[in-house]
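Before any comments, here is the structure.
Here, each number is a calculation from the coordinates, and none is a lab measurement. Source: prediction; values computed, not measured. When we count neighbours, we look across all protein chains shown, and the Cβ atoms used for this are built from the backbone with ideal geometry, even at glycine.
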Amino acid sequence: MIVSKLRKFLTRYLKAVHALEKKHPTLNAFLILIAFVFIWRGIWGLLDTYFFPDNQTLSYALSALIGFGLLLLDDFKLDEVN
């Protein structure tokens, strides 16, 4: 019962979102930009709170190294696809 109601709600919601995308593409792009900023802000806040909160230098250095490492992993993956 609950699953079918949730499925109906999600179907109606997705139809409304697709209609918004087609009718107002600039507004849709702006909403996506805001969503990315909120995600970035949340991750940044979590890292400040939990990732070596007492040692900012170590936190920044390890964050940069992990970021570069993820980019390198992604690049190797893209090279294999081509």
Checklist entry - Roughly what would the spin-label model give for Asp48 and Leu70, points 7 Å off Cα along C-beta, in nm? => result 1.8
Checklist entry - Per the helix-only calculation at 222 nm, which mean residue ellipticity applies to the chain, given -39500 (n - 2.57) for every DSSP H run of n ≥ 4 and division by its residues, nearest 500 deg cm²/dmol? => result -32000 deg cm²/dmol
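Can you work out D for the chain in µm² s⁻¹ from Stokes-Einstein, where Rh is the Kirkwood radius over C-alpha pairs, the temperature is 20 °C and the viscosity is 1.002 mPa s?
On the way: Rh = 16.8 Å.
Value of D from the Cα-based Kirkwood radius: 128 µm²/s.
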Checklist entry - Of the listed peptides 55-62, 32-39, what is their order by residue-averaged count of other C-beta atoms within 10 Å, with the highest listed first? => result 55-62, 32-39
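Would you please give the FRET efficiency between Ala16 and Phe36, computed as 1/(1 + (r/R0)^6) with r the Cβ-Cβ distance and R0 = 22 Å, to the nearest 0.05? Working shown, then result.
On the way: r = 21 Å, r/R0 = 0.95.
E between Ala16 and Phe36, to the nearest 0.05, is 0.60.
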